[in-house]
1. Step by step: first the residues of segment 304-318, then only those that are touching a strand residue (DSSP E or B) at 6+ places or on another chain (Cβ under 6 Å) and within 16 Å of residue 333 (Cα to Cα), then the one that is surrounded by the fewest Cβ atoms within 10 Å (Cβ to Cβ). Which residue is that?
2. Keeping to segment 80-109, report how many residues are part of a helix (DSSP H, G or I) and over 28 Å from the mean Cα position of the chain (by Cα).
3. So how many residues does segment 28-47 have that are within 31 Å of the chain's Cα centre (by Cα) and either in a loop (DSSP other than H, G, I, E, B) or in contact (Cβ under 8 Å) with a residue 60 or more places away in the chain (or both)?
4. Evaluate the following for residue 182: is it under 21 Å from residue 441 (Cβ atoms) and in contact with a helix residue (DSSP H, G or I) (Cβ under 6 Å, 6 or more places away or on another chain)?
5. Out of segment 80-97, which residues are more than 30 Å from residue 117 (Cα to Cα) and buried (at least 19 other Cβ atoms within 10 Å of the Cβ)?
6. Do you know which of the residues in segment 129-149 that are touching a residue at least 40 places away in the same chain (Cβ under 8 Å) and not in a loop (DSSP other than H, G, I, E, B) is nearest to the chain's Cα centre (by Cα)?
7. Which residue pairs have Cβ atoms under 6 Å apart, sit 6 or more places apart or on different chains, and have a first residue in segment 48-72 that is more than 14 Å from residue 37 (Cβ to Cβ) and a second that is at pLDDT below 90?
């Protein structure tokens, strides 16, 4: 049995697994109403005030799982009934307040929001601006920061608190990174899913002639299982996929051409800076928060898009399913100029539920080969991997390394710092690698594990690559007919 990181993750998994089992059996629509009671039987609640509320939340999750992702509705949605109305106020004075004579909390507050009533400090929230100065100076640490986890996680500042103390998402600012989904301790925020149409397609492939599904796997998949990559590949094939392709091969194509684009635009063309475009949450953040800097983005499509198009070129009848840790990929897949690429996107969480629903055990599968991407392509899974890959292209073109000055931005906070420097023209770098998730794709919101050792696993996986350079990986590839640039 897999050990889940939290009860929220277990609930998500249980819902997906039960939904998938019923889709496989062809009885989802007729029995979907019984799923909540199957997951939460009896009369004893697992984590909420009562089983009835727990079942209602599960029912909402089932409805979202059945909702088409092709509609214009947002990828990230709030399950209103699951929101526990966390404190709206950010700073709270606890019982640890000693009512000391120093009153540093009062002295430091420029808004006069801290008052002493009956010997204890209190905050007047009509005046408080949540600057945190009072917390910093309290000698007893009696003032605590209780910012809602979802708001704290959302670095794009897209989450607001409604009058009823529940949350809402400002979709003009949301970049679909899923950080709020992962961090909400009540599971009140979720991402929409394509797991039902994927399973239906897998079922059809078993009986309908010329129905072929190809799985494109993100390299960070090696961090998800205590198994060899070959066993993971075997498990994915066992549930019905015709073949498994590395997204890292698409990363090789992107890195090679992104390196050439950097040479043309910056070194030869005199542009001050270029930014990567492989992380959809990063590009969304640039376009929604720094629109004037969007012209510096690379014109390359993402590895998911280019490898999906390549698979369809090789097999025109192919259906491509991208499998990764990223909720933003679901949003990217819907973008007008890349809708021809991946047919479906599912996450590692969803893949695990599919594998279990089919009764496949990864650890018991035999090894199957997967040797079609380079060392550098596989490194795209972690922060710094893209910049390292472009370095090799600079060297291959015999250009001085001093002309390439990259900055690796690990998470939105670091991205914001770099973009502000670029906006103010105070930057010394000329290439920005932006990864919205801290750690890169290995920190993706829809990963099953988020452990410090994940980067080591990716490095070990990269070292297994037969092709050591990007040029070696692409030497037998003819992708000249593939559209690799954004329109």
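1. Going through the qualifying residues, I end up with 312.
2. Residues in segment 80-109 being part of a helix (DSSP H, G or I) and over 28 Å from the mean Cα position of the chain (by Cα): 5 in total.
3. Going through segment 28-47 one residue at a time, the tally reaches 5.
4. Judged against the criteria, residue 182 is not a match.
5. 82, 83, listed by residue number.
6. 149
7. Qualifying pairs under 6 Å: none.
Every residue, every condition in (1) closer than 28 Å to residue 195 by Cβ; (2) in contact with a helix residue (DSSP H, G or I) (Cβ under 7 Å, 6 or more places away or on another chain), yes or no:
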{"residue": "281", "(1), (2)": "yes, yes"}
{"residue": "286", "(1), (2)": "no, yes"}
{"residue": "291", "(1), (2)": "no, no"}
{"residue": "294", "(1), (2)": "no, yes"}
{"residue": "305", "(1), (2)": "yes, yes"}
{"residue": "309", "(1), (2)": "yes, no"}
{"residue": "313", "(1), (2)": "yes, no"}
{"residue": "318", "(1), (2)": "yes, yes"}
{"residue": "321", "(1), (2)": "yes, yes"}
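The values are calculated or read from the model by the stated rules, or taken from the named source; none is laboratory data. Because the structure is a prediction, the values reported are computed rather than measured. Using ideal geometry, Cβ is built from the backbone for each residue, glycine included, and neighbour counts are taken over all protein chains shown.
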